[in-house]
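Remarks on the structure that follows.
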């Protein structure tokens, strides 16, 4: 049978179910990754399973989000993560080693393997021909315990690239074009598989940019073939033994197809405040720029930054622009220092930031009040910069570098010189990656815990009647940043659920935590694509701690819906979207015979305030229903009923 790349990998890893559209499958996971904003909680959950070692082929714990140490909390968590990794058989990537997705591509990714990560941009690994998927930390903890990862069989969408990009047009422009066409919810329930002659013109780092921002489409995964360019990249990384060819069969079947002529693309930018709010850069000439930041897991590779160096050589940033560059890994930093690129950046007036996520998740570099920031990042949600009234534009490294020079958002195709990117000379750097203990008995090894690391909260099963006030009603495309903000103030509390819960929905309603506690919990009402964005499970766990019992929305983003279920909050979908309009904050809703109605998958909700009733439904399967009835996935796992 003729198969796509995605189906070939799926077939080798499915251990529950069949790859049939709309059915649930369970996948064997080869590799996992965590980052420090999600890792502490994931490892506390793994620890609760009482296993001596992880059961994956490879697991890596990265520190890249919370490297700002203005208090003891972050450093304490880093110590916890390092000692935990040593004890349980996990590689540990220290602060300064780099951004998890960049480092994983360089040092650990394997074509044909499955990778599950507690970060929504884990699909970056698809650039190597991996089936790489983002998930909540509890799903990753279970994968480390050897349990399957469950998801609904996605549609496989063929995206065929034709032609070749013109100079100063880049992979970032490709994914922005797809976002313009498909929107931030256009990839929900889908795997995008990239094919065609145009793919052969894109290096692994360029493919990584596209796979990375597939998360902004809402896609389950994005995947490229493992071909000669993949082989060249792994050879360059000193890992030629990990390469194997994986390409789609000639007559492979897909659930949908899309074509893109690369030669017709122009530089694009996503305007505030959504990655799909895309326009041509040449149509945005009047946008005065206050700040330019180049980096993040999307565009911080050696190839990206050498492109920037080629543009900046002999030029200086505009005096009114604050300009900073963050290489994606210690390896990239070392190579840039060795070939003179760092000198070019410094002479151009750029600040060199740490090899970490940094400003991408609100850790420093907040722009001025009402400032305009051009960034090579992947998300531009309102307030994500750390400045509530700032405007963030997403753009390619080429556009960002040229805009830094000009002082206005500027089209890099104006540049007449030919890009000069010297061939990379391998200069590998692994000194900040610590291998786990090889001792067969690691029971004597101590896991060190700081005072900010609190026990996991207890989550009880639901009652026979689910009732509560509408605590909050929100609009379409609510993000996990809206629900549980990131940033230097809040992220250090990620291993302290009682403390971090005080910030749930604080950007939209500062009184939400107080009201939720006073009302003994309740219900949230949402619009379309509720919970898009980051995989952070705190956006489900913290509301559950506050007593949230259900979210009723028009539709849900995949990862957040799974996280809600994992922590015992039932995601319910309006049977008729018009019922959303008649609900108001403060309405008392009630579902009688909840457990019986859960079996049927549809519910009658009574609005005790207005006297009206409406129907909602849920697509939960039998396994997910058991999770809700147990109170959480961890409770179900502990009970042995899974």
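Some points to look at:
- Here the gap between residue 285 and residue 464, fully extended at 0.36 nm per residue and compared with their Cα-Cα distance, gives a gain of 58.5 nm.
- Model label sites at residue 475 and residue 599, defined 7 Å from Cα along the beta-carbon direction, differ in position by 4.3 nm.
- Antiparallel beta bridges, as assigned by DSSP with both residues in the stretch 5-264, represent about 20 percent of the total such bridges.
- Rounded tilt (10° steps) of 171-182 against the dominant C-alpha axis of the chain: 40
- Based on Cα contacts under 8 Å between residues 6+ apart, the chain shows a relative contact order of 14 percent.
- Applying 1/(1 + (r/R0)^6) with R0 = 35 Å to the Cβ-Cβ distance of residue 456 and residue 370 gives a FRET efficiency near 0.25.
- Stretching the chain fully between residue 508 and residue 622 yields a gain of 37.6 nm (0.36 nm per residue, less the alpha carbon separation).
- Projected label points at residue 166 and residue 590, each 7 Å from Cα along the beta carbon direction, are separated by 6.6 nanometres.
- Per the Cα gyration tensor, the stretch 269-412 maps to an equivalent ellipsoid with semi-axes of 22, 16, 13 Å, ordered largest to smallest.
- Alpha carbon centroid spacing (whole Å) that separates the stretch 357-399 from the stretch 143-203: 24
- Chain lengthening between residue 235 and residue 581 when straightened (0.36 nm per residue, less Cα-Cα): 118.8 nm
- Looking at the chain alone, DSSP beta bridges between its own residues are antiparallel in about 35 percent of cases.
- Dimensionless Rg over Rh [the stretch 466-639; C-alpha; Kirkwood]: 0.94
- Relative contact order of the stretch 358-501, taken over Cα pairs closer than 8 Å and 6 or more residues apart, is 20 percent.
- Residue 421/residue 24 FRET efficiency (R0 35 Å; Cβ-Cβ; nearest 0.05): 0.20
- Degrees between helix 330-339 axis and first principal axis of the chain (Cα, 0 to 90, nearest 10): 10
- The separation of the stretch 64-119 from the stretch 487-504, counted between C-alpha centres, amounts to 20 Å.
- Under the criterion of Cα pairs below 8 Å and six or more residues apart, the relative contact order for the stretch 20-104 equals 34 percent.
- FRET efficiency for residue 414 and residue 251, using Cβ-Cβ distance with R0 set to 51 Å, rounded to 0.05: 0.70
- Semi-axes of the equivalent ellipsoid for the stretch 5-264, Cα gyration tensor, largest first, Å: 30, 21, 17
- Each part reduced to its alpha carbon centroid, the stretch 604-629 and the stretch 434-485 end up 24 Å apart.
FYI, it's all coordinate maths here, none of it is from the lab. Note that this is a predicted model, so its numbers are computed, not measured. Don't worry about glycine lacking a Cβ; one is built from the backbone with ideal geometry, like all the others, and counts go over all protein chains shown.
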